[in-house]
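What follows is calculated from the coordinates using simple rules that are stated; it is not laboratory data. Only a predicted model underlies this, so the values are computations on that prediction, with no experimental measurement involved. Cβ atoms come from the backbone with ideal geometry, glycine included; neighbour counts cover every protein chain shown.
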Amino acid sequence: MGGAYILPVKKFTPQDIYQEALKERANPDPLKKRQACEKGWLAVTEAVNQFLVTKGMFVPIGTGREHVERGNFLDTLALTDPAMQLLDEKVSIVADQLHGRCSYGNDTNPHFDTVLKKTVREILELTGFGDNGQEEE
């Protein structure tokens, strides 16, 4: 009997996920547009989770509590830091707009293009995963 094989897994950065979301959002296929919204949300959660680790906080990834804990940590940081208050507000926007409304079928609304291109990029910049102000495609 052969042994188990472990395939190397490429670790995508929040910026990689964001760039993929931009490409998919430009696709006219409604499914791709919805998938782009979820990838925008994934870029945000990856960036924020990794950022929170640098602040000494651990988000229990893969659990039902992940979204709650992330929000609680951001709320705590926002109490004393205006930049964190801004981050907290922007994460809430993306959670509602992209993860909620867009990914569940409201894919043709051009407002979601703006949320993806602007708000997600701002979150990546606030968490240190931005692309130094370069504009997206």
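So here's what we get for this one:
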| read-out | value |
| --- | --- |
| Order of S92, S103 under a 10 Å beta carbon neighbour criterion, fewest first | S92, S103 |
| Set of lysines near K118 by C-alpha distance (under 20 Å), chain-local residues within fewer than 8 positions excluded | K23, K32, K33, K39, K90 |
| Per-residue HN-Hα couplings for the stretch 71-85 [Karplus 6.51, -1.76, 1.60; θ = phi - 60°; Hz; x = Gly/Pro] | x, 4, 5, 5, 4, 5, 5, 5, 5, 10, 9, x, 5, 6, 5 |
| For the chain, size of Cβ-based charge dipole, Lys and Arg +1, Asp and Glu -1, in debye | 320 debye |
